[in-house]
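Just so it is clear, none of the values below were taken in a lab; they were calculated from the coordinates. If you're wondering where the values come from, they're calculated on a predicted model, not measured in any experiment. So basically every Cβ, Gly included, is an ideal-geometry build from the backbone, and we count neighbours across all protein chains shown.
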Amino acid sequence: MSNISRNMPILAIALIVSGSGAAPAQRRPAPVSPPVAVAAPPYAAVADLVLRSPVIVDAAIRSTEKLKGPEAAGAPQGYVRLYVQADVLALVRGTDPVPSRIGYILDVLPDSRGKIEKLNKRRVLLYARPVPRLGGQIQLTGPDSQRNWTPALDSLSRQIAKDALAADAPPIVTGIGNAFHVPGSLPGEGETQVFLTTRDGRPVSLSILRRPGEAPHWAVALSEIVDEAAAPPARDTLLWYRLACALPAQLPTGATEKMSSGDASAAVEDYRFVLSSLGPCNRN
C-alpha cells in the first residue's frame, strides 16, 4: 500500500478534487532549491490567477506521489495525477491561517519519454481555494495554478491581491450599456461618452474628446461625475485589466441605435480608439 493510501484515504482524495474535509502533522520544513528561471507571466494572466483564488501560498514542495486507480480518476487524458505535500513559507493571500504543511492534487504532463519533471524542493506559488473540513488541504483553482516562484511573480501577485481588496478598487466590468456622441461647433470636434455595466451596479464611463489639430484624448470615470483632467488608466493596473480584458471588440449596435448615422459612426470610431489605446489583454 502506498504512503498516500496509508495517510490519505481515497475518500479524502475525492474530497480534495471535488473541493470539500484534518490537517497533516506539522514537521520541519523541507529545503528549498534555487528559483527556476522563467519569464514572468503578463499582468492579465497573473490577475486571472489571483482574482479567482481566495488562497495564495508560497511553498516548497516536500514530496510527490503518483496516484493510481480510483485515486487518479478524473485526470485529463495523457496526464499523471500526483498528490503533493508542501511546506508553507508564506501566506500571500487568505483570510484564515494555514498549517505549516499542506497537501493538494496536481495533474502533470509527462515528457516525450514518459518522465515526470522532478518537483521535490521546488519553490512554488499555489493559487487555490480551501477545502472544507480538510484544513491541511487546498484545491488548485486551475491547471495553471501551480507556478514556479520568482520575486517578480510574488511581488505582482501581492500587489494585485492588495489592489483588489482596496476600498477604491474598480468594479468588475460586465459590458456596455449605452453611448452618445455630441458633435462640436468646428469640423472634427466632438465628444463621445460610453457607459459601462458592472457587476455591482457602480458607475463606470468612458469619455473621448476630439479637438481640431489635437490628438484625441480619453479618460475613464468611476463616478457619476466626469473629471476633464482625468487620464486613461496606466497599463498593467487593475483598472486597465478591468477594461482591456472585459470590453467587447466592437461597440454594440444597441448602444448607438438612438443616434444619427453620423454620430453613431463617430462613437464607433472613438470606441475603437479606446481599445487601441488600452492594447490587447494578453493572457498567454
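Computed from label points 7 Å out along Cα-Cβ, the spacing between Ala40 and Ala75 is 3.4 nm. If the chain linking Arg199 and Val182 were pulled fully straight, counting 0.36 nm for each residue of separation and taking away their Cα-Cα distance, it would gain 3.3 nm. Distance between the modelled labels on Ala164 and Lys258, one decimal in nanometres: 3.6 nm (7 Å Cα→Cβ projection).
Inter-label distance, Gln250 to Asn284: 2.4 nm, where each label sits 7 Å from its Cα along the C-beta direction.
Across all directions, the average flat footprint of the convex hull enclosing the Cα atoms of the chain is 19.2 nm².
Its Cα centre serving as origin, the stretch 66-180 has a Cβ charge dipole (Lys and Arg +1, Asp and Glu -1) of approximately 520 debye.
On the beta carbon distance between Ser276 and Leu91, with R0 = 41 Å, the FRET formula returns roughly 0.55. Backbone phi angles across the stretch 129-138, fed through the Karplus curve with coefficients 6.51, -1.76 and 1.60 (θ = phi - 60°), yield HN-Hα couplings of 10, x, 9, x, 6, 10, x, x, 10, 10 Hz in residue order; Gly and Pro are listed as x. Across the stretch 246-260, coupling constants 3J(HN,Hα) worked out from phi with the 6.51/-1.76/1.60 Karplus curve, θ = phi - 60°, read 10, 5, x, 5, 9, 5, x, 4, x, 6, 10, 5, 8, 8, 5 Hz, and Gly and Pro carry x. On the principal axes of its alpha-carbon atoms, the stretch 173-278 has extents of 37, 28, 24 Å, going from largest to smallest. With R₀ set to 22 Å, the beta-carbon distance separating Ser155 from Arg129 gives a calculated FRET efficiency near 0.45.
Students often get this wrong: which residues of the stretch 172-199 have the backbone nitrogen under 15 Å from the point 7 angstrom along Cα-to-C-beta of Leu51? The answer is 172-176, 197-199.
Partner lysines whose Cα lies under 20 Å from the Cα of Lys66, excluding those fewer than 8 positions away in the same chain, are identified as Lys115, Lys118, Lys121. Using θ = phi - 60° in the Karplus curve 6.51 cos²θ - 1.76 cosθ + 1.60, the 3J(HN,Hα) couplings for the stretch 141-154 round to 8, x, x, 9, 8, 10, 10, 4, 6, 9, x, 5, 5, 4 Hz; x is entered for Gly and Pro.
The ranking of Leu275, Leu134 by Cβ neighbour count inside 10 Å, starting from the fewest, reads Leu275, Leu134. Which residue, chosen from Pro248, Leu51, Pro130, occupies the Cα position most advanced towards the positive end of the dipole of the chain, where the dipole is computed from +1 (Lys, Arg) and -1 (Asp, Glu) charges on Cβ about the Cα centre? So the residue we want is Pro130. The stretch between Ile172 and Asn148 holds 5.8 nm of extra length on full extension. This uses 0.36 nm per residue minus the Cα-Cα distance.
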